[in-house]
Amino acid sequence: MTTPLEEFLEAVRFAFERKLPWTIVLSHPISSGEQKTADTVPRKIRIRPFEVKGQLICQWESFIDEKVSHANRSIEETLSELDRYFPQLLRDGYLFTNEQEWNVRVVGKGMKLTRRKRKGPALDRSFTHDRSKNYLIPEGTPCAFLHALGIMNEKGAVKSSKTKKFRQINRYLEIVNDVVSDLPKEGTLRVVDFGCGLSYLTFALHHLLANIHQRDVQLLGIDQKTDVIDRCRSLADKLQLSGLTFSSGRIDPDQATAEEPVHLAVSLHACDTATDAALSYAVRAQANVILAVPCCQHQLFNQVENEQLDLILKHGILKERFASMATDALRAAALESCGYRTQILEFIDLEHTPKNLLIRAVKTSDSPIEAKRKEYDSLKSQLAVHTTATDQLFA
């Protein structure tokens, strides 16, 4: 049987080998009789992945009294040292990733491990001191579309007023870059961006796939506003971007067919049920990967009923937030029942920087998963929801 410490160390190894962003924090030295260990054992240790000459290692930052020391160790040395610290010298150890928070701690004569979903800002994905060098679009290197959009000057310097947007575009590209390995390895990549708007991110997505990954791309941006689409077309023509086209109109799932597959479907801030239409289109087109950031979710607000939740539902603002969460939970369950592995992550909006939710779905099966459909129907029943736009995913 795996011990709590062994499970904790295995999680550390997994995060390291998968090159996930992670941080370890160790604290609370254990006293031995009257002899305090604070003189020899750090009161706190912080460990994170770090790249040196192309090799990933673990950087230890140790705090003893008011002094701070640093040391670089391999993953094997790190695991061995952690095994030595627990449970003889330290009480508490935390492993933070963007998805999970692991805590191993000394309890009585044994150890206990707890795990939960992590909350808080995303960890930095850079493994170097000079983090700007690890941007997918680095500062200081001219980028034609960023210059055309007024974010960079012609020499590649980011305008001071556009620094936040520059960083946010790079953060978005990191999220997309995480799923590039789930797209077809050969041939033309077919991508649809629903509700593309002013298309900062559409141009960035095309740059990532066509220039950075050197793939042949057919990317279609769709939006209802004809003036916005005309502007995007003009800019794409000016930059002579091959494979990037724009179309004005509504999202129509009935136009999607398996004969014309979509490899990557993106829907950022498609309002209310337009998100469900985009998800339905993506599922019918057998999209390999779906990225969706919903907004303005109202459909369930007037339907949700549950006496056990009256303390929440009687307050308008709480009911609104609950209905939004329930909507996204139904969307994730619907995608899972259609053969997708789903995650719900935090996403930062480009304009106002509130924390939004991003649904990330990767196709794993061509067959419906009945158990997930039952979970979907069960949640609808518990909330007294009879019909919802998300139902169209099963059409």
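The values are calculated or read from the model by the stated rules, or taken from the named source; none is laboratory data. Predicted model, so just to flag it, every value in this text is computed and none were measured. Please note that ligands, DNA and RNA were not included when accessible areas were found on the heavy atoms of the full protein model with its side chains. Shrake-Rupley method; radii C 1.70, N 1.55, O 1.52, S 1.80 Å.
The alpha carbons of the chain occupy a box of 75, 61, 40 Å along the principal axes, longest dimension given first. So for region 296-336, what percent of the C-alpha to C-alpha distances run longer than 11 Å? In whole percent, the long-distance tail amounts to 62. By how many degrees, between 0 and 90 and to the nearest 10, does the Cα long axis of helix 163-177 differ from the longest principal axis of the chain? So the inclination is approximately 90 degrees. Which aspartates and glutamates does Lys112 reach when only Cα atoms under 17 Å apart count, and residues fewer than 8 places away in its own chain are ignored? Qualifying aspartates and glutamates at Cα under 17 Å: Glu6, Glu7, Glu10, Asp83, Asp92, Glu101.
For the residues His207, His70, His269, a GNM of the chain with alpha-carbon springs under 10 Å puts the largest fluctuation on His70.
The relative contact order of region 213-272, computed from alpha carbon pairs under 8 Å that lie at least 6 residues apart in sequence, is 37 percent.
Each stretch of four or more DSSP H residues adds -39500 (n - 2.57); spread over every residue of the chain, this sum gives -9000 deg cm²/dmol at 222 nm. Is region 82-212 rounded, prolate or oblate when judged by the Cα gyration tensor, a ≥ b ≥ c being the square roots of its eigenvalues, rounded requiring a/c under 1.5 and prolate requiring a/b larger than b/c? It is prolate, given that a/c is not under 1.5 and a/b is the larger ratio.
The residues of the chain present an accessible area of 53 Å² per residue when probed at 1.4 Å with all protein chains retained. Only protein heavy atoms count here; under a 1.4 Å probe, Lys319 has an accessible surface of about 40 Å².
Of the solvent-accessible surface of the chain, computed with a 1.4 Å probe and all protein chains present, 48% belongs to carbon and sulfur. Identify which of Leu268, Leu379, Leu146 has the largest mean-square fluctuation in a Gaussian network model of the chain, with springs joining Cα atoms closer than 10 Å. Its mean-square fluctuation being the largest, the pick is Leu379. Over the Cα atoms of region 174-223, the radius of gyration divided by the Kirkwood radius equals 0.94; this is the Rg/Rh ratio. Taking every alpha-carbon pair in region 236-395 and binning the separations at 10 Å intervals from zero gives 10, 37, 35, 14, 4, 1 percent.
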